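Trainee: The structure follows.
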Amino acid sequence: MLAPVFAAWGPDYRTGLSDFQNAFRAAHPGGGSFASADPALQLAYLTTVDRTPFFETTRMLTLVGMFSAPKYGGNVNGAGWKMIQFEDRHTFAPPFGHYDAQYQGFEYYPVKPA
């Protein structure tokens, strides 16, 4: 996402990633990188930075990657969609919900070949 869509964020995000890693190492000398740390230590550290702009950006990029269409490079094999039980269909047939279950005017859109 940093290359095609949010390219302007790239330099600042990379700096934020370096700052994040440096701050982790300063808080836990000798602990190595954040990625190699024990999960309990990672979680404890994340609770200290979870309201920072860098973390908020990382959270947003994670969600975009997890729930976007796999054709864009994230959500591998539709894993995010499976998690929320989303069915990837071009069209959805009524009734969509209780509020329009009796609606008779729906017409299917023709599916155009890709």
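No lab work stands behind these numbers, since they all come straight from the coordinates. Everything quoted here is computed from the prediction, not taken from an experiment. Ideal geometry is used to build each Cβ from the backbone, glycine not excepted, and the neighbour counts take in all protein chains shown.
Trainee: Out of the trypsin sites (Lys or Arg not before Pro) in the stretch 1-97, which ones are loop residues according to DSSP with at most 15 other C-beta atoms within 10 Å? Numbers along the way, then the final one.
Mentor: On the way: sites: Arg14, Arg25, Arg51, Arg59, Lys71, Lys82, Arg89; in loops: Arg51, Arg89.
Filter output for the stretch 1-97: Arg51, Arg89.
Trainee: What does the extension gain come out to for Ala79 and Ala44, with contour length at 0.36 nm per residue minus their alpha carbon separation? Write down the numbers at each step before the final one.
Mentor: Working: separation 35, 0.36 × 35 = 12.60 nm, distance 2.70 nm.
Between Ala79 and Ala44, full extension yields an extra 9.9 nm.
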